[in-house]
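Report on the structure given below.
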Amino acid sequence: MRPANEALVVIDVQNDFCPGGALAVPDGDAIVPGINALMAEFPAVVLTQDWHPAGHSSFATTHSRDPYDTIQMPYGPQVLWPDHCVQGTPGAAFHPALRTDADLILRKGFRPGIDSYSAFFENDRMTPTGLSGYLRERGIDTITLAGLATDFCVSYSALDGARLGFRITVREDLTRAIDLSGSLAAARAAWGQAGITVAA
Ligand code: VGL
Ligand code: ZN
């Protein structure tokens with residue numbers, strides 16, 4: 001078992017991000033057995049769940065645009081996605097093989113007008129989800145990240161966690177990427193700048 005100051009944060013291992021889902025990440029389900037095994041090593045486990053209302057502002061259909069277009073939102077550029085992880089739908093459920101006996105399940109992206117890739121902040125990079133306070137109050141300063149997708153929700157979580165002063169390791173072997181116009185390479189470069197450890 002890892003020491004009490006460590007947590008595993010598992011990002012968005014949900015049906016819509018797995019093969020057959022609305023925003024399927026190639027091979028997204030392949031990481032589930034490894035993540036389940038890793039959970040047993042950690043004294044604290046947090047799962048995040050992308051959890052959008054129907055008609056969310058990150059959905060291309062909401063703007064009558066094509067998926068993967070980028071628009072300007074008040075908080076900055078926003079990629080438009082296929083409708084995904086709509087609250088209460090099967091696509092928003094965790095992958096059926098994922099262990100869900102976590103300490104905390106943190107939902108994000110539930111405000112209609114703003115997306116939330118990161119487990120720590122909404123996409124304005126300012127509005128907190130509360131996760132930082134939760135972890136700090138438990139004496140946790142060291143986080144291992146895994147889940148989906150490498151270059152969006154995992155990467156934003158890693159970068160925000162580092163900015164908040166947490167020691168961050170990304171288990172890149174237990175992530176899978178969307179890789180939209182160089183997003184994976186950009187994510188890796190940003191991790192290097194932020195002092196994030198990448199482990200496989
Ligand atoms: C994600 C795009 C939209 C993710 C969530 O979990 O990486 N990507 N919503
Ligand atoms: Zn989403």
Among DSSP beta bridges whose residues both lie in the chain, state the antiparallel percentage, nearest 5. 20
What is the helix-to-structure angle for 183-193, meaning the angle in degrees between its Cα long axis and the longest Cα principal axis of the chain, kept from 0 to 90 and rounded to the nearest 10? 40
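Okay, helix-only estimate at 222 nm for the chain: each DSSP H run of n ≥ 4 adds -39500 (n - 2.57), divide by all residues, round to 500 deg cm²/dmol; what do you get? All intermediate terms of the calculation are to be shown ahead of the outcome.
Details: 4 runs with 35 residues, N = 200.
Per the formula, -5000 deg cm²/dmol.
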Debye calc, one equal point scatterer per Cα of segment 16-89, no solvent, log10 I(q)/I(0) at q = 0.13, 0.16, 0.19, 0.20 1/Å comes to -0.52, -0.72, -0.89, -0.93
Relative contact order for the chain: what is it in percent, counting Cα pairs under 8 Å that are at least 6 residues apart? 24
Per residue, what volume in Å³ does the Cα convex hull of segment 91-200 take up? 120
Where the centroid of each part is defined by its Cα atoms, how far is segment 123-200 from segment 31-79 in Å? 13
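What does the net charge come to around residue 75 if you take all other residues with beta carbon closer than 9 Å to its beta carbon, with K and R at +1 and D and E at -1?
On the way: positive: 125; negative: 115, 122, 124.
Charge balance in the 9 Å sphere: -2.
Count the net charge of all other residues whose Cβ sits under 11 Å from the Cβ of residue 16, scoring Lys and Arg as +1 and Asp and Glu as -1.
With Lys, Arg at +1 and Asp, Glu at -1, the net is -3.
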For peptides 117-126, 5-14, 136-145, sequence by mean Cβ density within 10 Å, most packed first: 5-14, 117-126, 136-145
Using only the alpha-carbon atoms of segment 137-200, report the extent along each of the three principal axes, biggest first, to the nearest angstrom. 38, 21, 18
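Roughly how compact is the chain, stated as its Cα Rg over 2.2 N^0.38 Å to two decimals? Before the final figure, lay out each step's value.
Working: Rg = 15.6 Å, N = 200, 2.2 N^0.38 = 16.5 Å.
Ratio of Rg to 2.2 N^0.38 Å for the chain: 0.94.
All of the numbers you see were taken from the coordinates with simple rules; none came from a lab. All values reported here derive from a predicted model rather than from experimental measurement. Note that each Cβ is placed from the backbone with ideal geometry, even for glycine, and that neighbours are counted across all protein chains shown.
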